[in-house]
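Here is the structure we will look at.
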Amino acid sequence: MILRRLKSLINNSGLILFLVRLPFRTTKYVMNRGNTLFYRFFLKECGAGTVIEFGCHIESPARVSVGKNVFIAKNTFINSENFVGELQIEDNVHIGADCHIDHTGNLLIKSCTLISEKVFIYTHTHGYDPRSAPRALDKKINEGVWLGSQSTILETAKEIASNTIVAANSVLTKDALVPKSIYAGVPAKKIKVYAD
């Protein structure tokens, strides 16, 4: 696998650029591998083939379960404002860079979901008083969901149906319960149901 990657790098960039990039790619690979091993020790569960990039921060990892072949990119922040909310990420989930995922209320992200960069997911509210204790709300993101770049999923959106697309820069405020549909806008509304 490593030899295949090296050959691909040489073919795509040429020998000179390959030699320039090799130390940086090697350093990145080693740091990502080390970060994954670190979190594998502390997570409640961590499946084979999972990569947690260096720079990702997971608070309360003992309440986070990660399935197989999950990718969590750098600068993603996973946290909870209480000591009970759990996060379960199933197999083949991709989480892009700079995301913020709150699991104060229990959060389930089902398999084959794609979360693009800079997505915010909330599972709690403070109502009208920012100093009040957080009120946790469970959330379920079903199989094959695609959350577009810079979209926000508020705590009031408790479920997203399978194969749903939330467009980039959208704010989802309510449940998205129609499978194979596209939600867009602020606040996000269903604009289309698509077929395979």
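The values are calculated or read from the model by the stated rules, or taken from the named source; none is laboratory data. This structure is a prediction, so every number in the text was calculated from the model and none was measured. Here the Cβ is made from the backbone with ideal geometry for all residues, glycine too, and neighbour counts use every protein chain on show. Heavy atoms of the whole protein, side chains included, go into the accessibility calculation; ligands, DNA and RNA do not. Shrake-Rupley method; radii C 1.70, N 1.55, O 1.52, S 1.80 Å.
Can you tell me which residue in the stretch 75-87 is farthest from residue 123 (Cα to Cα), limited to those that are of a type outside the set (Ser, Thr, Tyr) and open to solvent by 10 Å² or more (accessible area, probe 1.4 Å)? Spell out how you get there, then give the answer.
So in the stretch 75-87, the residues of a type outside the set (Ser, Thr, Tyr) come out as 75, 77-79, 81-87.
Keeping just the survivors that are open to solvent by 10 Å² or more (accessible area, probe 1.4 Å) gives 75, 77, 79, 81-84, 86.
On the way: 75: 20, 77: 14, 79: 11, 81: 10, 82: 11, 83: 14, 84: 12, 86: 11 Å.
Among residues in the stretch 75-87 that are of a type outside the set (Ser, Thr, Tyr) and open to solvent by 10 Å² or more (accessible area, probe 1.4 Å), the one farthest from residue 123 (Cα to Cα) is 75.
Anything in the stretch 65-89 that is in contact with an Asp or Glu (Cβ under 9 Å, 6 or more places away or on another chain) and part of a loop (DSSP other than H, G, I, E, B)? List them, or say none.
Residues satisfying the conditions are 67, 68, 69, 70, 73, 74, 75, 76, 80, 81, 85.
Among 109, 72, 115, which is the only one that is buried (at least 23 other Cβ atoms within 10 Å of the Cβ) and free of Cβ contacts under 8 Å to residues at least 24 places away in the same chain?
Working: 109 fails: free of Cβ contacts under 8 Å to residues at least 24 places away in the same chain; 115 fails: free of Cβ contacts under 8 Å to residues at least 24 places away in the same chain.
After ruling out the rest, the residue left standing is 72.
Would it be correct to say that residue 90 is buried (at least 16 other Cβ atoms within 10 Å of the Cβ), modelled with pLDDT under 95, of a type in the set (Asp, Glu) and under 18 Å from residue 138 (Cα atoms)? Break it down stepwise before answering.
Working: buried (at least 16 other Cβ atoms within 10 Å of the Cβ): yes; modelled with pLDDT under 95: no; of a type in the set (Asp, Glu): yes; under 18 Å from residue 138 (Cα atoms): yes.
So residue 90 fails the test.
Filter the stretch 118-147 down to the residues that are in a strand (DSSP E or B) and crowded, with 20+ Cβ neighbours inside 10 Å and list them by number. If you could, list the steps in order and put the result at the bottom.
Filtering the stretch 118-147 for residues in a strand (DSSP E or B) gives 120-121, 124-125, 135-136, 139-141, 146-147.
Correct list: 121, 136, 139, 141, 147.
Could you tell me which numbered condition residue 135 fails, if it satisfies all but one of (1) without any contact (Cβ under 8 Å) to a residue 12 or more places away in the chain; (2) within 20 Å of residue 170 (Cα to Cα)?
The single condition residue 135 does not satisfy is (2).
Taking the stated definitions as given, is residue 157 at pLDDT below 95 and either under 22 Å from residue 124 (Cα atoms) or surrounded by 15 or more Cβ atoms within 10 Å (Cβ to Cβ) (or both)? Explain how you work it out, then say what you get.
Working: at pLDDT below 95: no; either under 22 Å from residue 124 (Cα atoms) or surrounded by 15 or more Cβ atoms within 10 Å (Cβ to Cβ) (or both): yes.
No; evaluated as a whole, the condition is false for this residue.
Okay, residues lined up against (1) free of Cβ contacts under 8 Å to residues at least 40 places away in the same chain; (2) within 22 Å of residue 154 (Cβ to Cβ):
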| site | (1), (2) |
| --- | --- |
| 43 | yes, no |
| 56 | yes, no |
| 84 | no, yes |
| 123 | yes, yes |
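Answer yes or no: is there a residue in the stretch 90-98 that is within 21 Å of residue 53 (Cβ to Cβ), outside any loop (DSSP other than H, G, I, E, B) and in contact with a strand residue (DSSP E or B) (Cβ under 9 Å, 6 or more places away or on another chain).
Initial filter on the stretch 90-98 (within 21 Å of residue 53 (Cβ to Cβ)): 90-98.
Next cut, outside any loop (DSSP other than H, G, I, E, B) only: 94-95.
Adding the requirement that they be in contact with a strand residue (DSSP E or B) (Cβ under 9 Å, 6 or more places away or on another chain) leaves 94-95.
Yes, the stretch 90-98 has at least one match.
Going through the stretch 140-185 one residue at a time, which ones are free of Cβ contacts under 8 Å to residues at least 24 places away in the same chain and basic (Lys, Arg)?
Listed by number, the residues that qualify are 158, 174, 180.
Working only within the stretch 130-155, note down all residues that are touching an Asp or Glu at 6+ places or on another chain (Cβ under 8 Å) and polar (S, T, N, Q).
142, 149, 150
Scanning the stretch 34-63 for residues that are closer than 14 Å to residue 76 by Cα and β-branched (Val, Ile, Thr), which turns out most open to solvent (accessible area, probe 1.4 Å)?
Going through the qualifying residues, I end up with 51.
Quick test for you: out of 74, 28, pick the one residue that is within 15 Å of the chain's Cα centre (by Cα) and either on the phi < 0 side of the Ramachandran plot or not charged (D, E, K, R) (or both).
Just one listed residue meets the conditions, 74.
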